[in-house]
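Below is one structure, written out as structure tokens; comments come after it.
The values are calculated or read from the model by the stated rules, or taken from the named source; none is laboratory data. Keep in mind it's a predicted model, so treat the numbers as computed, not measured. Please note: Cβ atoms are built from the backbone with ideal geometry, for glycine as well, and neighbour counts cover all protein chains shown. The area values use the complete protein model at the heavy-atom level, side chains included, leaving out ligands, DNA and RNA. Shrake-Rupley method; radii C 1.70, N 1.55, O 1.52, S 1.80 Å.
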Amino acid sequence: MTCEIMVGLQWGDEGKGKVIDCLSEKADYIARFQGGNNAGHTVICGGTKTILHLIPSGILQNHTHCMLGNGVVIDPSVLTEEIRKLEKSGIEVTSRLLISPLAHLILPWHREIDSFIEEQKSNAIGTTKRGIGCAYADKKARVGIRMGDIFDRQRLKKLLEESLWHAGFFLKNNDKKRYEVDEVLAWIEKNTASYRHRIQNIIPILHRIASDKKKLLLCEGAQGTLLDIDFGTYPYVTSSNTTAGAAGIGLGLAPQHFRKVTGIAKAYTTRVGEGIFPTEDTTEDGKRLAEKGQEYGATTGRPRRCGWLDLVSLRFAAQINGVTSLVITKLDVLKGFEKIRICTGYYLNDQVCTEYPVQTSLLEKVKPSYIEMDGWEEDISSIQSFEELPMAARRYLRFIEENLQVPISMVSVGPGRHQIITL
Ligand code: GDP
Ligand code: IMO
Ligand code: MG
């Protein structure tokens, strides 16, 4: 089996959905290994826009099989609704989807607590309010509920009592509504009814395909490297490891299966939510990037903050993920800028550093050091080969490649499935 990990190298929304949909044409299996419905992965195919929150982006290719690994946190009502909507539009999902019994559930109070904290905190993270952090916190506190627990009603009831007892400290202190265990039990049963027969141990399947040389498995990451709970801009991060190392843990695959890591980055940078963003551009240029790139969050609809490409954090992202090939997306958005800025170093304590400082206390102090490159005027959105790109666009891409010491394998020049150049 060839096993390819796909990860975002920035703060999410790099265009992972689009790229994974394209690569899925040749894939057999696509598996999500972390995150939950905080993700919003957009696929545009045949003029129809689909935003996937939980189901892997390969589902729109008819021949594929998809999996949700143990590392994912699943809101049962969101999954039910996502399957229902896709099936209503004529895409068969249930028979092509397997869900790990070890994946944790997002429960109604997780969402409530997430929203409550976000609304009360003076330095809010700007979460998606989907209960992601609370579900992962319960997993680590060993009071979570897992997909495999739903099959034994009595046992589930007992687990829910314990989990609610644990959440109760928070809910009670903040005078929030009390949950009844029977109500939550009924909610879980209703919202897992359509796919409960698809909750199956995926490990034997993964290991069976592992020995078949012809099979291709794509491991779909959500969020991006700079939102990683360990390596991101803590505490303004998500609650899972979003980097390549999480693929093995989030699916149950040993390290030797992974040889290819594809890192996906926008040709500029965006961020939704709060936190450090060294190359953020709040001038007209930033607004222009937002407008031309249609930069609104696919999950929450919030406007994304925009700025220039940051090679310091990208080099770091390429290192910690072990990126073997790069995909640059949204190159078309840079059309019409006379000059394009690229951050090649950070000013820190009167010196220029080219190594990413990792600590938030240092990152808070950095100022970007830019070089400027020529832009281009031509519309590149229907170009199909690297050679046809304007000279300035090619120079821009080669500069990124040389700086990161990683080859670019694909360049996306528009949101559509076929707007992609393979190098
Ligand atoms: P993801 O979370 O990484 O899958 O990315 P999102 O779907 O949240 O955001 C990417 C947005 O950019 C979506 O609206 C895509 O349709 C769009 N998109 C992806 N690739 C390109 C591209 O090359 N050019 C343009 N203009 N839009 C793109
Ligand atoms: P995809 O997979 C962009 C951000 C939120 C917030 C922080 C924590 O579409 O790239 P959380 O709800 O996870 O506790 O929020 O992480 N965030 C994302 N930003 N793309 C995403 O996913 C994101 N998922 C979470 O905006 O800043
Ligand atoms: Mg997104």
Legend entry - Degrees, to the nearest 10: 153-173 long Cα axis against longest axis of the chain: 60 degrees
Legend entry - FRET efficiency estimate (nearest 0.05) - Cβ-Cβ, Ser325 to Glu372, R0 35 angstrom: 0.80
Legend entry - Between helix 108-120 and the chain: long-axis angle, C-alpha atoms, 0 to 90°, nearest 10: 50 degrees
Legend entry - Stokes-Einstein translational diffusion, region 69-226 - Kirkwood Rh over all Cα pairs, 0.890 mPa s, 25 °C, in µm²/s: 142 µm²/s
Legend entry - Portion, in percent, of the accessible area of the chain that falls on carbon or sulfur, probe 1.4 Å: 50 percent
Legend entry - Tyr347-Gln384 pseudo-label distance in nm [points 7 Å out on the Cα-to-Cβ vector]: 4.7 nm
Inset, instruction - Only bridges with both residues in region 265-422 count here: give the DSSP antiparallel percent, nearest 5. - result: 75 percent
Inset, instruction - Could you give log10 I(q)/I(0) at q = 0.17, 0.30 Å⁻¹ for region 38-80, computed by the Debye formula over C-alpha point scatterers of equal weight, without solvent? - result: -0.52, -1.21
Legend entry - Amide N proximity, region 311-341 versus Arg395 label position 7 Å along Cα-to-Cβ, cut-off under 17 Å: 334-341
Inset, instruction - Set the Förster radius R0 to 35 Å, insert the Cβ-Cβ distance between Phe151 and Arg259 as r into 1/(1 + (r/R0)^6), and round the FRET efficiency to 0.05. - result: 0.45
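Per the Kirkwood definition applied to all pairs of different Cα atoms, how many angstroms is the hydrodynamic radius of region 104-192? Numbers along the way, then the final one.
Details: mean 1/r = 0.0744 Å⁻¹.
Every distinct Cα pair counted, the radius reaches 13.4 Å.
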Inset, instruction - Could you tell me the convex hull volume per residue, in Å³, taken over the Cα atoms of region 265-422? - result: 121 Å³
Inset, instruction - For region 144-208, divide the Cα radius of gyration by the Kirkwood radius and give the resulting Rg/Rh value with two decimals. - result: 1.10
Inset, instruction - Could you work out, for the chain, what percent of all Cα-Cα pairs fall into each 10 Å distance bin, beginning at 0 Å and stopping at the bin that holds the largest distance? - result: 5, 22, 32, 25, 13, 4, 0
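Which whole-number percentage describes the relative contact order of the chain, with Cα contacts under 8 Å and a sequence gap of 6 or more?
Numbers: 932 pairs, mean separation 86.1, N = 423.
Computed over the chain, the figure is 20 percent.
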Inset, instruction - Based on the mean of other Cβ atoms within 10 Å per residue, sort peptides 166-177, 3-14, 101-112 so the most packed one is first. - result: 3-14, 101-112, 166-177
Legend entry - Overall form of region 316-385 per C-alpha gyration tensor (a/c, 1.5; a/b vs b/c): oblate
Inset, instruction - First check a/c for region 197-336, with a ≥ b ≥ c the square roots of the eigenvalues of its C-alpha gyration tensor; if it is under 1.5, answer rounded, and if not, answer prolate when a/b is larger than b/c or oblate otherwise. - result: prolate
Legend entry - Under the Karplus curve 6.51 cos²θ - 1.76 cosθ + 1.60, θ = phi - 60°, whole-Hz ³J(HN,Hα) for region 3-11, x wherever Gly or Pro sits: 10, 10, 9, 10, 10, x, 9, 10, 9
Inset, instruction - Return one quarter of the surface area of the convex hull spanned by the alpha-carbon atoms of region 1-125, equal to its mean projected area, in nm². - result: 9.0 nm²
Inset, instruction - Taking only protein heavy atoms into account and a 1.4 Å probe, give the accessible area per residue of the chain in Å². - result: 43 Å²
Legend entry - the chain: angle of helix 391-404 to the longest principal axis, Cα-based, in degrees nearest 10: 60 degrees
Inset, instruction - With a ≥ b ≥ c taken as the square roots of the eigenvalues of the C-alpha gyration tensor of region 186-235, please select rounded if a/c is under 1.5 and otherwise prolate if a/b is larger than b/c or oblate if it is not? - result: oblate
